[in-house]
Each structure stands twice: as C-alpha cells, then as structure tokens.
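Asker: Here it is, the structure, as structure tokens.
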Amino acid sequence: MVQSQQRLLLEQDRLFREQRRLNLTDVTTGLPNRCETITRLETALAHCRVNKDICAIFFVNLDHFKRVNDTWGHWFGDAVLSEAGARLARAMGEEGVVGCYGGDEFVAFQVGLNASQAHMRAESLRQHILEESCVGNMEKDARALSVSVSIGISLYPLHAIKGQELIAFANEAMYRAKSRGRNCVCMASPGDRLPNRDVVERAMKLSDVDVMTLRALLALLEARDLQTYLHGQRMVDIVVEIARYLHCRSEDIYTLRLAAMLHDLGKISIPDSILHKAGPLDRTEWVLMQQHPRIGQEILVKAGGVFSVVAVVAGAHHERWDGSGYPAGLEREEIPLLARILSVADTYDTMVSARIYHQPLSSEAACAELVRCMGTKFDPLVVRAFLAVLPRILQESMPIEHVEAFDASRHRDER
C-alpha cells in the first residue's frame, strides 16, 4: 500500500514537472517560449548587475518567411522554424540562451560579450541559418531552402539596463538590418532614442494570450473564406513599405501589420450568397456588405489589448478621402493615416487579384486607377508613397523559387 502511494506521488511529481516544462516551452521549436525567455534574460541581467558584467542581446527575424507559409503551407513553415531554432541554439552553444519570441522571431543573449564579440557572434548566427538544409520532410516531400535572417543587437548596459528596453533596441536595430536589404546584422547605436513606451510594452508584451488570440482570429478567417484570409496576408508587405516610406513610427507599423491581416474580419458574418456573388449586389445585399468594417471593429474591440487599437484602423479602411466612404463617412484627416494606407493597399491588391466578380487588372492599370482617384477616394500623399515603393514590392513578390530568402509574422474591397 505504501509503495503504491509512493509510486503515485512520484508519478504526480513527474507529471507536474512535465506540465511545467510544457508551459515554458514553445510547441513548434522546443525552445523556451516568450515568457520563459524574458525570465531568463532578467535573471542574466541581475547577475550582470551584481558582477558588473556585460551582456549582448540578439533579435533575430527570418527573412521572407511569410512566403514559406503561403507557398508550401504551415506544416512546412513550422519545420523551417524548428530547424532555424535548432541552428541558433547550436550556434549559441551552452553559454548562450535562445528563445522563440513569437512567429518568425527569436531572441538570444549571452553574458560577457562586448560589442566586437557580439557582432562576430551575430554573424555566426546568420551564417548558421544561411546554410542550405533539407527541411520539411513529409511523405518523401523534402525541400532544400536557403533561409536568411536579419539580426539586431543591443548591449547591456550600453543601450539600456532593463530587459524590455534592450529587446526593444535590438528589435529596432533588426528593422534597420531589414531596410538595408536583409540578410545582415545591425548594432543599435548608443545615440538611438529609446522607443516609445508603447513600443517597448508591445515588443515585450504581445503576450502568449495575444498571440493565441491572433492565431485564433486568423484561423477563423481562413476557415470562413480562404481568399479573404490570403488577401490580408498579401497586404502586410504593402502597408509596411508604404508606412516606412512615410516615416511612420515603429509602433504604428506594428499596428498596421495586424490591421492588414484582420481588416476584413467582419466578413465572417456576411452570407456566402453575397460574399461569393458573381454579379452586382442589389441594394439590400450592399447594405449588408457595408456592415463588415463595423462588425470587424466590434470583434477586435472585444478581443481587447492591442486589438482594440487595431480596431480603429481596420474599422475605417473603407472611408474615403472625399467623405464618400463607409461606415462613418469620414473625410480627409478625419480618417486615421494608418486607415488611409490600408485603403490604398486594400484597393490595389483587390484590383490585381482574380475575383469571382472581376478579372484581375495589370499592375499598371491598377496604378492608373489609384492615380485617377487621388484626391477623391484616396489620400494623394499615400498614393504617391505607394507608387514610390511599388517597384520594391513587386520585386519582393517574385515567385518563391527565384528567391533565396524568406519573410514572416498571411476580397472584396469595393464590396
């Protein structure tokens, strides 16, 4: 009897420890998850403060990862993430820590590295990822991909002394690496301005709950209408390029990325008979279709947190510069700038994509239509910005077979 109880207690203890391990581990990569990575970083920084040591933080983002998911599916994307995480862990060795920060992003750090050593370590990480490898073996379907990364570096105590601020600085440096052509390393500058507090909190606290909420909303949208889901995914790169050209703040670009993915969320409430109608909508159907921005906004507000900010942008993506849009009839600067950016990207992608109710236009014809509607439907400033970055967007949209690296973080516009 006593032995039986002891075995039961030992099994309960084993299960408890296993559950605790799972709670601290990212399912896809097997690495420490966001919360555990942050905890380990804070512990390392506490050690540095006591021992007057230094620490290097690396923010690693896979280039063009979204195309992997869009082209070969999420199971293959998960395999790429798992392989990338394993390579980073091998490159960091036992002295460093690597964690999955969310989506296609990793955070790594190591105590004792100065600026020169940190840059050398980051280059080592980049090279380890760049090696060609066969990933995603499923039913004898294996693909060799050359995946690249952009890496930002920050240093304790040079750039900041708090973990969340160091991550934010490294994140900003990573975006500079992206702007320099990707597949490179960029060190934060001691003169860099500390990012807005909201940026720091978002970089630090897109909590596991927020990540799960985003995944659930995207899964819902994908299950309801794949075309709408893919439309939102394609828009991400477009809105980010426009926003960067207009020198939008990092936190605004962050919001805009989410808004692009979720702007048509309200269409989950629109009947298929309207959503997939080949001909023109009648008056009753049109009234129903016009409800989707408001419905999507209400869903995002109820989701709370960062999604309540996204809701304001997504809810205004059908407003028009001259006040002729919906649902509120806003005009000119009454429309948030991010929503004006979203509107141009939404319309362009809709025009150049095949729909059941129209054939796709060429990029040239779509641009001509945007120019024709400058000052009426669209903010002229945003249209000019879009035209300026379009060549880069089109280059980035080449078939994936012709691209060596990949980027992360996935219909009806005039209806």
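Asker: Just to be sure I understand the filter: pairs with C-beta atoms under 8 Å, separated by 6 or more residues or on different chains, first member in segment 312-339 and on the phi > 0 side of the Ramachandran plot and modelled with pLDDT of 90 or more, second member among the β-branched types (Val, Ile, Thr) and crowded, with 19+ Cβ neighbours inside 10 Å. Which pairs pass?
Answerer: Going by the 8 Å Cβ cut-off, there are no qualifying pairs.
Asker: If you check Arg90 against the conditions, is it in the same structural domain as Tyr175 (by TED's automatic domain parsing), of a type outside the set (Val, Ile, Thr), out of contact with any Ser or Thr (no Cβ under 7 Å at 6 or more places or on another chain) and modelled with pLDDT of 75 or more?
Answerer: yes
Asker: Quick one: count up the residues across segment 302-340 that are surrounded by fewer than 16 Cβ atoms within 10 Å (Cβ to Cβ), over 19 Å from Phe386 (Cβ atoms) and not polar (S, T, N, Q).
Answerer: Counting residues in segment 302-340 that are surrounded by fewer than 16 Cβ atoms within 10 Å (Cβ to Cβ), over 19 Å from Phe386 (Cβ atoms) and not polar (S, T, N, Q) gives 8.
Asker: If you don't mind, another one. So which of Leu342, Leu338, Leu370, Leu394 is in a helix (DSSP H, G or I), over 21 Å from the mean Cα position of the chain (by Cα) and not basic (Lys, Arg)?
Answerer: None of the other options fit; the residue is Leu370.
Asker: Among all residue pairs at least 6 apart or on different chains, which show Cβ distances below 6 Å where the first residue, located in segment 23-37, is modelled with pLDDT under 85 and the second is crowded, with 16+ Cβ neighbours inside 10 Å and of a type in the set (A, V, I, L, M, F, W, C)?
Answerer: From residues that are modelled with pLDDT under 85, there are no pairs.
Asker: Let me ask something else about it. Taking segment 65-83 as the search range and keeping residues that are touching a helix residue (DSSP H, G or I) at 6+ places or on another chain (Cβ under 6 Å) and either of a type outside the set (Ser, Thr, Tyr) or closer than 15 Å to Asn33 by Cα (or both), which one is modelled with the highest pLDDT?
Answerer: Across segment 65-83, the extreme among qualifying residues is Val80.
Asker: If you go through segment 296-334, how many residues are touching a helix residue (DSSP H, G or I) at 6+ places or on another chain (Cβ under 9 Å) and polar (S, T, N, Q)?
Answerer: Final tally of qualifying residues: 2.
Asker: Looking at (1) crowded, with 16+ Cβ neighbours inside 10 Å; (2) out of contact with any Ser or Thr (no Cβ under 6 Å at 6 or more places or on another chain); (3) modelled with pLDDT under 80, find the lone condition where Ser343 falls short.
Answerer: (3)
The values are calculated or read from the model by the stated rules, or taken from the named source; none is laboratory data. Model, not experiment: these values are computed from the prediction. Note that we place each Cβ from the backbone using ideal geometry, even for glycine, and neighbour counts take in every protein chain shown.
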